[in-house]
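Student: Below: one structure in structure tokens.
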Amino acid sequence: MHATEDVSSSQAEGHSAEHRGRQASRRRATRRSASPTGPPQAAPEKPVILVGILLTDDRAMLASSLAVVLDLDPELDVVAVESDPTRSSSVLAAGASIVLLDSIPLAADLHARRPDLRLVVIGPSADGDVILACIRAGAAGCIDTDVSPAALISTIKRVHSGELLFEPGPLVQLLLSAQMPVPSTARRTARLAERELQVLSAIATGMRSAEAADHLGISLSTLRTHLKNVITKLEARSKLDAVLIAIREGRIRLD
């Protein structure tokens, strides 16, 4: 999925609209199943994730290609494709709940305007500086431009479900190198149960939620409940923020 530089923004938008129309028709057809004794019956619909794509001008073809790939999945619906950063408002107006973009400053702007919006930055995902900038901008993940279609779709679904997806190796190095003095004031982590600290410790090592659940011998739903309780008790903004609080207070060690 590499971009071709000489394709205009209008062409990308036209292609995207055409693909969305075909995809919508396909969905309407597949949402009805034939009955052997009567008229077609409406089939139960799965929740559809509304995706926005906002890439810079020289990636118009990449944006259009991404739209085609994502629209092949029945659980995804690309509602806006833009290659002009000044048109970010149109992506929001289209109702996107998750946006793919290649500008960290633009990610920060969108996060400030819509804190609930899930953002995935397309960039060098193994670069620690990029990861840190993404986190500070409010993004929930970072992926390379040459990611496979299956991995891209999986990333979108996982980020939409609430996960933070960054390469664990560089992320752990960021945590290890950060200057985090232990405060002398009362520790917020004193409110946490031992199992909740174990969950945080597993997440801090870079494990995915499912891997952490297996490691601790608990179900994924139980792990998510623990994480939700931890975030509430620590008054954290996210599970990554909760990990950082626990490290600052000396309750988690990564060495």
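Computed from the coordinates by the stated procedures, all read-outs in this text should not be read as laboratory data. These figures come from a predicted structure and were not determined experimentally.
Student: On alpha carbon coordinates alone, what is the Rg over Rh value for the range 182-248, Rh being the Kirkwood radius? Before the final figure, lay out each step's value.
Tutor: Working: Rg = 11.4 Å, Rh = 11.9 Å.
Computed over Cα atoms, the ratio is 0.96.
Student: For residue 72 and residue 173, calculate 0.36 nm times their separation in residues minus their Cα-Cα distance, and state this gained length in nm to one decimal. Each step should come with its number before you reach the end.
Tutor: Working: separation 101, 0.36 × 101 = 36.36 nm, distance 3.67 nm.
Stretched out fully, the residue 72 to residue 173 stretch lengthens by 32.7 nm.
Student: Quote the Stokes-Einstein diffusion coefficient, in whole µm² s⁻¹, for the range 108-245, based on the Kirkwood radius over alpha carbon pairs, a temperature of 10 °C and a viscosity of 1.306 mPa s.
Tutor: Details: Rh = 15.9 Å.
The Stokes-Einstein estimate is 100 µm²/s.
Student: Further question: Binning at 10 Å from 0, report for the range 43-144 what percent of all alpha-carbon pair distances ends up in each bin.
Tutor: Pair shares across the bins are 16, 49, 30, 5, 0.
Student: Moving on. Work out how much length residue 208 to residue 151 would gain on full extension: take 0.36 nm times their residue separation and subtract the Cα-Cα distance, in nm to one decimal.
Tutor: Details: separation 57, 0.36 × 57 = 20.52 nm, distance 1.45 nm.
Gain on stretching residue 208 to residue 151: 19.1 nm.
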